[in-house]
Amino acid sequence: EAHPVKSLFDAGVMITVNSDDPPFFNASIAGEYQVMSNLGLSEKELISLTHNAIDSSFCDQATKNRLLSRLD
């Protein structure tokens, strides 16, 4: 509850959501998005996190464009 992610987001920090070592931490990307929601990020803000992740990925631009088009 005290995590600063919402304040960081509101301050313009680029944030992405990741599931770090799912087998070890028993985490999933869906669960991580739920945590972000519980910390105060709206659905629109969560979509922007996905946008950030795609933009920051090592995919080629065509793949990024295809993935980004699915967010609209």
* Asked: Per residue, how much accessible area does the chain show when a 1.4 Å probe rolls over the protein heavy atoms, in square angstrom?
  -> 72
* To do: Mind giving me the FRET efficiency for residue 28 and residue 61? R0 is 22 Å, r the Cβ-Cβ distance, nearest 0.05 is fine.
  => 0.20
* Just subtract the alpha-carbon distance of residue 46 and residue 18 from 0.36 nm times their residue separation and send over the number in nm, one decimal. => 8.9 nm
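Packing-wise, with mean Cβ within 10 Å as the measure, how do 54-64, 27-37 rank, highest first?
Numbers: 54-64: 11.4, 27-37: 14.2.
So the order, starting with the most tightly packed, is 27-37, 54-64.
The values are calculated or read from the model by the stated rules, or taken from the named source; none is laboratory data. Just so it is clear, the structure is predicted and the values come from calculations on it, not from any experiment. Don't worry about glycine lacking a Cβ; one is built from the backbone with ideal geometry, like all the others, and counts go over all protein chains shown. Please note that ligands, DNA and RNA were not included when accessible areas were found on the heavy atoms of the full protein model with its side chains. Shrake-Rupley method; radii C 1.70, N 1.55, O 1.52, S 1.80 Å.
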